[in-house]
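*Asks:* Could you have a look at this structure, given as C-alpha cells, before my questions?
The values are calculated or read from the model by the stated rules, or taken from the named source; none is laboratory data. Quick caveat, the model's predicted, so the values are computed rather than measured. Virtual Cβ from ideal backbone geometry, glycine too; neighbours counted across all protein chains shown. Keep in mind that these areas ignore ligands, DNA and RNA; they rest on the heavy atoms of the full protein, side chains included. Shrake-Rupley method; radii C 1.70, N 1.55, O 1.52, S 1.80 Å.
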Amino acid sequence: MSKELTAIEWRSDQWLFQFGGLRPDNVLEYFSQSPFWDPSSNNAVLKMQTQFNDLQHSSYDLKSMVGIEFAVTHQEPPSLFIVTKFRRSSPTKAVPITVYYITDGNAYEAPTLYSIVSTRMLSSIKKVEEAFDIARSHAEFHPSMGYSWKKKTAE
C-alpha cells in the first residue's frame, strides 16, 4: 500500500526562482523534485537514459513503454497544472492511479473520491446524531403513558 500523501503541500521556491516560474515545458521537471514523484516511472527512466547524450532533445513516445508514467492532463498556465499518474499496460491502455495539482507553485495530491464521500457521509451522520440528541433532550418517558414531549413550564 502506498503512503498517504494528501496532507502534504510541496513547494520549491529555489527551483521556481532559478527557472523563472512554471511553464508547460518545465512543469514535469518541477514535479519530479516533489515527494509525489516516482523515481522508477517511465519518465524518470527515460530522463536518466538520455540526459548525457544527443538523444535528450529527441521526442520519445512514453506510450510505447509499459509501467508508471506521469503526464500533464490539464493546464491553465502559469497558475494551474494537473498532473496524472498512470499505469500503462499497452500503447492504448493507461489507467489513472492518482491525480496531483499544482497551483501557483504549490503541489498537492488530490483526494480520492472514496475519501471525499466518506468524509462527507461522516460529517452528515454527525449532524443527524446531534439532531437526535436535541430531540431526545425534549422527550420524557413515563411507564404508564410512554414517551411524550416535555411541556414548557411557565417561568
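Yes or no, residue by residue, for (1) touching a residue at least 24 places away in the same chain (Cβ under 8 Å); (2) closer than 29 Å to residue 14 by Cβ:
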site	(1), (2)
49	no, yes
70	yes, yes
101	no, yes
105	yes, yes
115	yes, no
120	no, no
129	no, no
139	no, no
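*Asks:* Now for a separate question. If you go through the stretch 75-91 one residue at a time, how many are more than 26 Å from residue 16 (Cα to Cα) and either of a type in the set (Val, Ile, Thr) or open to solvent by 40 Å² or more (accessible area, probe 1.4 Å) (or both)?
*Replies:* So the answer is 3.
*Asks:* Turning to a different aspect of this structure: So, residue 154, is that one modelled with pLDDT under 95, open to solvent by less than 60 Å² (accessible area, probe 1.4 Å) and not β-branched (Val, Ile, Thr) or not?
*Replies:* no
*Asks:* Take the stretch 77-91 and flag every residue that is more than 23 Å from residue 39 (Cβ to Cβ) and in contact with a strand residue (DSSP E or B) (Cβ under 9 Å, 6 or more places away or on another chain).
*Replies:* 79, 80
*Asks:* It is to be established whether one or more residues within the stretch 117-139 are touching a strand residue (DSSP E or B) at 6+ places or on another chain (Cβ under 8 Å) and surrounded by fewer than 11 Cβ atoms within 10 Å (Cβ to Cβ).
*Replies:* Among the residues of the stretch 117-139, at least one is touching a strand residue (DSSP E or B) at 6+ places or on another chain (Cβ under 8 Å) and surrounded by fewer than 11 Cβ atoms within 10 Å (Cβ to Cβ), which makes the answer yes.
*Asks:* Can you name every residue in the stretch 1-54 that is closer than 20 Å to residue 76 by Cα, open to solvent by less than 30 Å² (accessible area, probe 1.4 Å) and among the aliphatic types (A, V, I, L, M)?
*Replies:* 16, 22, 27
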